[in-house]
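Take a look at the structure set out below.
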Amino acid sequence: QAPPRGRFRSTRDIYDKYFRYDDFLLGEVNAIFKRNYVENFKRADTLSFLRGEFIVVACRKLGPDDAVLSGLAVYAHSSDYPNVHLEYILPGNGDALSPDRFLPGTLIVVGPRRSGPADFATLLHVAKVADDDIRLTVVPLTYRHQFNDKEFVVGSPPTILNFGAPWPIMGEIEDTVPMPPRRAEAVEE
């Protein structure tokens with residue numbers, strides 16, 4: 001009912017922290033993320049929750065070959081910082097979790113919103129996917145996702161996880177949605 005103690009971080013903050021990690025360090029951090037999730041954050045001092053807006057590229061139902069066996073996996077690009085790609089895992093069963101709710105081009109908000117509850121999306125996996133890009137796999141710790149001003153998707157926590165499944169969950173994605181333009185960075189004087 002209540003998420004663990006943590007702080008919302010922007011896509012840029014998350015990128016700046018994890019992009020510099022080498023493969024070994026990313027492997028260690030990813031193992032800690034998954035351990036914390038499985039143990040319901042009993043050993044975690046504080047968490048980083050993702051905050052940002054993302055443009056949906058693809059969405060599919062999860063199945064027996066995935067780490068989370070039921071629900072949805074939504075793949076999206078950050079509209080705030082295009083070097084960040086997102087796998088948003090929505091665990092649960094039922095018709096409410098339909099890929100039709102997350103069509104390509106749809107804007108989703110992760111983290112706090114102007115109206116409605118925050119989703120407290122925490123990291124499960126970080127992967128470098130291109131020269132300057134990373135893919136974040138996150139799962140919301142609350143199971144009510146607001147996908148527009150009036151409608152919600154209600155999920156549920158997974159009861160079984162497949163630890164032998166590959167990460168990132170969605171693998172290679174054929175990108176048919178245009179990337180948001182890369183923003184020029186402000187130069188400090």
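Brief remarks on what is shown
- Tensor-based shape of the stretch 1-145 (alpha-carbon gyration tensor, a/c under 1.5 rounded, otherwise prolate or oblate): rounded
- Computed on protein heavy atoms with a 1.4 Å probe, the accessible areas place Glu28, Glu87, Glu39 in the order Glu28, Glu39, Glu87, largest first.
- Our estimate of slack between Arg60 and Arg43, defined as 0.36 nm per intervening residue step minus the Cα-Cα distance, is 2.9 nm.
- The stretch 1-152: relative contact order as a whole-number percent, Cα under 8 Å and 6+ apart: 25
- Solvent-accessible surface of the stretch 1-116, averaged per residue with a 1.4 angstrom probe and all protein chains in place: 50 square angstrom.
- Using 0.36 nm per residue and subtracting the Cα-Cα separation, the extra length available between Phe19 and Ala165 on full extension is 50.2 nm.
- Restricting the trypsin sites (Lys or Arg not before Pro) of the stretch 96-129 to loop positions (DSSP other than H, G, I, E, B) with no more than 10 neighbouring Cβ atoms within 10 Å leaves Arg114.
The values are calculated or read from the model by the stated rules, or taken from the named source; none is laboratory data. Model, not experiment: these values are computed from the prediction. Backbone-built Cβ (ideal geometry, glycine too); neighbour counts: all protein chains shown. For the accessible areas, the whole protein counts, side chains as well, though only heavy atoms, and no ligand, DNA or RNA atoms are used. Shrake-Rupley method; radii C 1.70, N 1.55, O 1.52, S 1.80 Å.
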